[in-house]
Structure formats: structure tokens, C-alpha cells
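The values are calculated or read from the model by the stated rules, or taken from the named source; none is laboratory data. Because the structure is predicted, anything quoted here is derived from the model rather than measured. Areas reflect the complete protein model, heavy atoms only, side chains present, ligands, DNA and RNA absent. Shrake-Rupley method; radii C 1.70, N 1.55, O 1.52, S 1.80 Å.
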Amino acid sequence: MLPPGETILLTLRLAGSIPARAGRELQQQRIAAQEAARTAATPEAAQATTRRADKRFFADFDALLDAATVGGIYLEKEKIAEAVAGELLMLEEQGLRVPCLVQTTNHVHAVLHLPASSNLSLYKALELLHQRTTAQARRLLRGQLPPEADFWQTGFHVLPVLNGLELARIRQYLLAHPTRLHLPARCHNWPYMYDAAL
């Protein structure tokens, strides 16, 4: 069981990390599925249809990111990867829980839990995370990232985590990323993942 409060699966991706046309097509499919959900016979059926569409969008979107056919792969640079992972884990000092996270070369997935008792704005915390990690990455990429270029893609993708069973499935999926993508080991394993349960 998840404790009371909001739990999300957050995806941050580097700017330009999916082909623009493929991204537009995915968005159009998602909008069409959401519109179809509005015609469902009951609110419960509409909610279930919308949820399936959101999960399908996430799976297809993540497959595009995993393919890494376009855009920078700056998160493979050790200092940048460490800075981003460190900032994500520092969210715990602000009152968020980070049960699980994984970074690949061009995107990050993190499960974040905001306890019901917290007065922190989840979205404000994420905006600040974007700003801090962008500033650090720009310093580390001096000369490699043009001043007019964005580091992160604007915004972020959020998928609500509804219950403990779904959280367990998400955790298993995320922690398998390094093996599935054949990410290079640093010492023994790809280090840019975290699981609070371990």
C-alpha cells in the first residue's frame, strides 16, 4: 500500500531527445485516446480508458527515448550524471520521498512521493530541480552546449502511481533499464540508479 499523498513517475529528458515528428504523432494518438474516453458509458470506464492511454503513451515515449536516435547524450558524462542524481536525491531534504530512480544517457525516471502532510509544491520543486541541474550542466559542458541551446526539454512527463502494486511494477521496470539498454558499468554496475528498498 502507498502511504497517503501524491506519488508520481517523473520523466525528464534532454532537449531534442526524440524525433519531433514521432513525438507529435504520439501526442496526437494520446489526445485521440483521451477524446474517445470522454464518450465512455460511465465515469469509471472513462477513467480506465484514459489511464490505459496514459500508460500506452508512456511506454511508446520511453521506447523513443531508449532508442536515443537524436539529441545529446550528456547524461553519460560522469560529472553531469552525478550532479543530476545528487539533485534528485536532495529532494528528500525538501520533504519529498524518492523511492526509486534511474538515469540513462538522455533521460531520467524517478518515482517521487509527496506525503499528504507536506505543504511543498511538487511542481515548484521540479522547476527548481530543472533550473539547478541546467546551471550545473552548463558549467560542466562549457563550450559543448551553445548558450542558446536548452539542456532539458521544456516541461516534464508525469504519470500518477495509483497503488503499491503499480509502484512495484514501475520499480522493476526502472531498475531493469541499465541491463536492457546495455549501459556501461562504472566499476561493477551502472551506478545512476537508486532503490530505497535496497
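Contact order for the range 88-198, expressed relative to its length and based on alpha carbon pairs under 8 Å spaced 6+ residues apart, stands at 34 percent. Please report, to two decimal places, log10 I(q)/I(0) for the chain at q = 0.15, 0.16 Å⁻¹ as given by the Debye formula with identical point scatterers on the Cα atoms and no solvent. Log-scaled intensity ratios, in q order: -1.00, -1.13. Only protein heavy atoms count here; on that basis, with a 1.4 Å probe, residue 118 has an accessible area of about 40 Å².
How much of the accessible area of the range 72-198, probe 1.4 Å, is carbon plus sulfur, in whole percent?
Carbon and sulfur atoms account for 55 percent of the accessible area of the range 72-198.
Mind checking the full-extension length gain between residue 48 and residue 197? Use 0.36 nm per residue of separation minus the Cα-Cα distance, one decimal, nm. Net length gain for the segment: 50.7 nm.
Run a plain Debye calculation on the range 98-198 (Cα atoms as equal point scatterers, no solvent) and give log10 I(q)/I(0) at q = 0.11, 0.13, 0.20 Å⁻¹, rounded to two decimals, same order as the q list. Log10 of I(q)/I(0), two decimals: -0.43, -0.60, -1.22. Accessible surface calculations at 1.4 Å, restricted to protein heavy atoms, place the chain at 54 Å² per residue.
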